[in-house]
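To start, the structure under review is shown below, and the notes come after it.
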Amino acid sequence: MTLVPGSTRPVITALIDPATVEAIAGETWIALVGDDEVIVPAPGDLPADTLSAWVDITGPWTGSVVLTTGRQTAADLTRALLGEAAPELLDHEDVADAIGEIANVVGGNVKAALPGPSTLGLPEVGQAPAVRDPDDVCRLDVLWRGRPLVVSIQGTLPPLPTPHEHPYPNGASL
Amino acid sequence: MRALVIDDSRAMRRIVSTALEGFGYETRQAGHGQGALDVLQEGYAPDLCTIDWNMPVMDGLQFVSVVRANPAWRALTLVMVTSESEQGQIVRALAAGAHEYVIKPFTPDALRDKLALLGMLPQGVAL
Amino acid sequence: MTLTATGFDWVRQLVHRESAIVLSPGKEYLVEARLLPIARSMGLSDVGRLVDSVRTRPSSEATRRIVEALTTNETSWFRDGDPFTALPSTVLPSLLATRGPTERLRIWSAACSSGQEAYTIAMLLEDALPGASTRVAITATDLSREMVERTRAGRFSQLEVNRGLPAAMLVRHFTRAGNEWQVSPDLRRMVTASECNLAAPLPRMGPFDVVYLRNVLIYFDLPTKQAILRRVRALMRPDGWLFLGAAETTLGVDDTWERVVVGRSSAYRPLKGA
């Protein structure tokens with residue numbers, strides 16, 4: 001790929017607005033978690049022990065839709081999602097599967113609101129991928145039953161070098 | 001009536017199966033398109049398949065194409081249940097032979113409405 | 001929690017009676033949250049008081065607002081099927097046979113709510129009749145200004161378009177806008193939305209070839225039902241068609257209508273000479 005000085009890639013904040021992300025998350029909660037289950041946009045402090053689920057979007061914009069919350073909240077979310085079908089004891093697989101599916105639903109709808117065509121990856125669960133470009137992030141902080149949860153739509157690619165940078169000392173272009 | 005619920009998420013398979021059982025269906029599950037084909041080839045003859053799009057091994061669109069290409073499975077009603085929700089994706093799925101399309105997130109009532117459109121609600125289920 | 005068990009039970013029965021929607025036990029928090037704005041708008045401090053008030057002094061407007069608030073996201077397209085599929089199969093051919101080629105067909109969605117009914121009609125006609133947007137005028141009215149504005153906007157959430165709208169029609173008649181779906185300009189052109197109180201003398205409208213008056217008469221007592229049917233009939237063509245809700249009938253209310261079987265549903269037509 002030829003890097004043309006001054007070229008830009010669209011950052012997520014230019015492609016989707018926070019209200020849309022909120023609507024997507026809100027509808028996902030109503031349908032999957034329960035129709036009287038609200039998520040309130042509000043800052044909160046995530047606990048030290050968190051679990052994340054994410055899906056990758058590849059297309060005109062490439063990045064991940066990452067859901068992060070405390071482990072206990074993730075377990076409670078799983079129980080709420082499964083309702084009567086929830087087993088007595090939840091194991092890690094149950095929780096990973098449930099929050100993975102929430103990430104899939106939120107991610108799929110985010111993808112559909114972005115310029116396409118894009119592909120959606122299968123959900124992954126674990127420690128959240130690092131933010132590569134702080135300018136290419138759309139972050140939604142919410143409280144569910146008073147507990148913090150973060151939806152982060154973050155670009156996979158590092159920022160493009162700005163035009164005044166000269167990576168080659170003799171000024172040769174790529 | 002019988003259904004085959006195809007989704008790589010166990011939680012979603014449980015949610016959809018529970019909803020369908022509430023409507024009077026008997027259900028079986030598969031975690032991807034190939035697993036679902038295996039179930040069909042073993043002789044389970046569902047009336048309805050609910051199909052997620054993004055799955056490992058064989059995705060939902062491929063499954064729909066394979067089913068549609070096989071005259072033995074002509075009577076199968078195929079309903080996508082997926083978070084893929086661009087206009088273009090819905091068109092692709094319908095063109096490949098899916099009969100209906102439920103966008104995730106969905107409520108059990110939404111699923112019921114779609115089945116009613118297809119005449120696929122077992123007798124005696126109140127609308 | 002200000003709602004008592006009997007209060008909640010009353011709300012459940014009301015919602016089931018008026019909309020067939022079942023509020024399961026455990027939805028008390030939902031009811032509290034959704035009805036609080038209505039209570040406040042009526043100068044009442046909480047939902048418990050709102051329920052007491054409506055139980056002791058029945059008000060069809062308050063009842064309607066309560067049911068609406070508890071059934072958002074529940075409104076479906078093509079509700080009950082036949083009253084709508086009857087348009088291209090039965091009603092339209094019958095009308096086209098007797099109307100002139102340039103005569104406008106007028107249809108009234110008389111309790112349009114957020115617009116699903118009006119746009120269901122518009123979609124069916126657009127698909128059945130070439131140039132429908134120039135030949136058909138759909139009037140959509142509702143008591144609520146909010147609902148009229150929603151109908152005008154023709155914009156629906158992901159959850160709303162999942163409710164009984166065939167996917168093929170979704171892709172044909174809507175475009176995505178963010179996380180929502182916007183009805184096409186052609187369809188919007190066919191629909192004119194305005195506020196209207198059915199229980200009062202009606203503005204000059206129509207004359208209508210088809211009227212959809214579905215699941216709204218149930219909110220009124222017998223004399224008012226009769227008055228509404230009289231007023232509606234006065235705005236209809238003599239060979240027009242009236243569709244009521246699935247559990248509704250003119251039987252026992254107004255004997256100047258003839259019931260016609262349409263699929264598994266019924267339509268009512270003004271009785272000749274009545």
Checklist entry - In terms of Cα to Cα distance under 29 Å, which lysines are near enough to B:Lys104, apart from those fewer than 8 places away along the same chain? => result A:Lys111, B:Lys114, C:Lys27
Checklist entry - A:Thr162 to B:Ala95: FRET efficiency via 1/(1 + (r/R0)^6), r the Cβ-Cβ distance, R0 45 Å, to the nearest 0.05? => result 0.50
Checklist entry - Mind checking the dipole of the protein assembly as shown: about its Cα centre, +1 per Lys or Arg Cβ, -1 per Asp or Glu Cβ, Debye to the nearest 20? => result 2440
Next on the checklist: At 20 °C and a viscosity of 1.002 mPa s, what translational diffusion coefficient does Stokes-Einstein give for segment A:27-155, taking Rh as the Kirkwood radius over Cα pairs? Give it in µm²/s as a whole number.
Outcome noted: 144
Item to check | Around A:Gln72: net Lys/Arg minus Asp/Glu count, Cβ-Cβ under 12 Å | outcome: +2
Checklist entry - How far is helix A:18-28 tilted off the main Cα axis of chain A, in degrees rounded to 10, range 0 to 90? => result 30
Next on the checklist: Using the Cα centre of chain A as the reference point, and only Cβ charges (+1 on K/R, -1 on D/E), how large is the resulting charge dipole? Debye, rounded to the nearest 20.
Outcome noted: 660
Item to check | Neighbour net charge for B:Val102 - beta-carbon separation under 12 angstrom, K R +1, D E -1 | outcome: -2
Checklist entry - Between segment C:83-100 and segment A:50-124, how many Å separate their Cα centres? => result 48
Checklist entry - Dividing the Cα convex hull volume of segment C:5-70 by residue count, how many Å³ per residue is that? => result 74
Checklist outcome for this item: If A:Cys138, C:Cys112, B:Cys49 are placed from fewest to most neighbouring beta carbons inside 10 Å, the sequence is A:Cys138, B:Cys49, C:Cys112
Next on the checklist: Given points 7 Å out from each Cα along the Cα-Cβ axis, report the A:Ala130 to C:Arg145 separation in nanometres with one decimal.
Outcome noted: 5.5
Item to check | Charge dipole of segment C:162-274 about the Cα centre (unit charges at C-beta), most positive-ward option of C:His173, C:Ala234, C:Leu251 | outcome: C:His173
Next on the checklist: Quick check: pseudo-label points 7 Å beyond the Cα along Cα→Cβ at C:Arg204 and B:Arg68, how many nm apart are they?
Outcome noted: 5.4
Item to check | Computed E for A:Arg145/C:Thr56 - FRET, C-beta separation, R0 25 angstrom, nearest 0.05 | outcome: 0.10
Next on the checklist: Per 0.36 nm of contour for each residue apart, how much would the distance between C:Arg230 and C:Thr249 grow if the chain were fully extended, relative to their Cα-Cα spacing?
Outcome noted: 5.4 nm
Checklist outcome for this item: For segment B:2-117 the mean separation of alpha carbon contacts under 8 Å (6+ apart) over residue count, i.e. relative contact order in percent, is 23
Checklist entry - Based on the Kirkwood radius over alpha-carbon pairs, what is the Stokes-Einstein translational diffusion coefficient of the protein assembly as shown at 25 °C with 0.890 mPa s viscosity, in µm²/s? => result 94
Checklist entry - Given the Cα atoms of chain C, and with Rh set as the inverse mean 1/r over their pairs in the Kirkwood sense, what is Rg to Rh to two decimals? => result 0.98
Next on the checklist: Less than 13 Å Cβ to Cβ from B:Asp113, Lys/Arg counted +1 and Asp/Glu -1: what total charge do the surrounding residues give?
Outcome noted: -1
Item to check | Solvent-free Debye scattering, log10 I(q)/I(0), computed from the Cα coordinates of segment C:1-144 at q = 0.09, 0.10 Å⁻¹ | outcome: -0.41, -0.48
Next on the checklist: Taking 51 Å as R0, compute the FRET efficiency from the Cβ-Cβ separation of A:Asp45 and C:Leu222 and round it to 0.05.
Outcome noted: 0.25
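Each reported figure results from applying straightforward, stated rules to the coordinates on display, with no laboratory input. As the structure is a computational prediction, the values presented were derived from the model and not from experiment. Reconstructed Cβ throughout: ideal geometry from the backbone, glycine too, with neighbour counts over all protein chains shown.
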